[in-house]
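Worksheet: one structure, shown below.
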Amino acid sequence: MHPILRNILAVIFGWFGGSLINMSIIQLGNKLFPIEGIDPNDMNALAEIMPTLEVHHFIFPFLGHALGTFIGAIIAGLIAFNHKMKFALAIGALFLLGGIAVNYMLPGPTWFAVADILIAYIPMAWLGGKIATRKSNKTS
């Protein structure tokens with residue numbers, strides 16, 4: 001397969017795979033810790049209630065963001081033809097942009113926004129990139 005095509009597919013599959021993990025974990029959190037009287041798909045209702053939610057309501061969104069980015073970065077790093085860490089970090093950057101947008105649209109507690117933006121994206125993408133790079137080096 002042509003290296004450029006493989007690198008493009010790395011980003012697409014990394015983003016898609018990470019997004020699936022992210023949404024699955026968030027949906028699981030909505031089932032385990034439902035917000036009474038709120039449809040979790042109603043962004044306006046969520047935006048209104050976010051500042052009043054308890055800490056346990058933020059565990060699964062954080063895990064979804066962190067693990068989605070981590071898995072997406074591993075996928076991208078494993079598929080990429082070269083510059084594996086750069087592609088893993090690109091996934092982190094994509095998810096970071098999404099995280100900033102969500103934190104803007106659904107303003108929650110400041111502590112969550114800070115933890116989410118500082119820990120869940122670029123550090124997790126870096127870890128995913130390290131794993132992908134090590135696995136790729138072992139198979140070479």
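Yes or no: His2 modelled with pLDDT of 95 or more and either under 25 Å from Ala93 (Cα atoms) or surrounded by fewer than 18 Cβ atoms within 10 Å (Cβ to Cβ) (or both)?
Working: modelled with pLDDT of 95 or more: no; either under 25 Å from Ala93 (Cα atoms) or surrounded by fewer than 18 Cβ atoms within 10 Å (Cβ to Cβ) (or both): yes.
Considered against the rule, which asks whether it is modelled with pLDDT of 95 or more and either under 25 Å from Ala93 (Cα atoms) or surrounded by fewer than 18 Cβ atoms within 10 Å (Cβ to Cβ) (or both), His2 comes out as no.
Of the conditions (1) under 19 Å from the mean Cα position of the chain (by Cα); (2) surrounded by 15 or more Cβ atoms within 10 Å (Cβ to Cβ); (3) farther than 30 Å from Asn137 by Cβ, Ala101 fails just one. Which one is it?
(2)
Where in region 1-119 are the helices (runs of 4 or more DSSP H), entirely inside, with at least 3 residues that are β-branched (Val, Ile, Thr)? Show your work before the answer.
Numbers: elements: 3-32, 43-49, 59-79, 84-105, 110-119.
Filter on region 1-119 gives 3-32, 59-79, 84-105, 110-119.
Taking the condition out of contact with any Asp or Glu (no Cβ under 8 Å at 6 or more places or on another chain), surrounded by 17 or more Cβ atoms within 10 Å (Cβ to Cβ) and farther than 20 Å from Tyr104 by Cα, does Gly37 pass? Write out each step before concluding.
Details: out of contact with any Asp or Glu (no Cβ under 8 Å at 6 or more places or on another chain): yes; surrounded by 17 or more Cβ atoms within 10 Å (Cβ to Cβ): no; farther than 20 Å from Tyr104 by Cα: yes.
No: the conditions fail for Gly37.
Collect the residues in region 27-58 that are touching a Phe, Trp or Tyr at 6+ places or on another chain (Cβ under 6 Å), free of Cβ contacts under 8 Å to residues at least 40 places away in the same chain and closer than 18 Å to Asn103 by Cβ, keeping them in residue-number order.
Those that are touching a Phe, Trp or Tyr at 6+ places or on another chain (Cβ under 6 Å), free of Cβ contacts under 8 Å to residues at least 40 places away in the same chain and closer than 18 Å to Asn103 by Cβ: Gly29, His57.
What is the residue count in region 83-140 for residues that are in contact with a Leu (Cβ under 8 Å, 6 or more places away or on another chain), at pLDDT 90 or above and hydroxyl-bearing (Ser, Thr, Tyr)?
Count: 1.
Scan region 104-122 residue by residue and report those that are touching a residue at least 12 places away in the same chain (Cβ under 8 Å) and surrounded by 13 or more Cβ atoms within 10 Å (Cβ to Cβ). Write out each step before concluding.
Restricting attention to region 104-122, the residues satisfying the condition of being touching a residue at least 12 places away in the same chain (Cβ under 8 Å) are 105-109, 112, 115-117, 119-122.
Result: Leu106, Pro107, Gly108, Pro109, Phe112, Ala115, Asp116, Ile117, Ile119, Ala120, Tyr121, Ile122.
The values are calculated or read from the model by the stated rules, or taken from the named source; none is laboratory data. All values reported here derive from a predicted model rather than from experimental measurement. Virtual Cβ from ideal backbone geometry, glycine too; neighbours counted across all protein chains shown.
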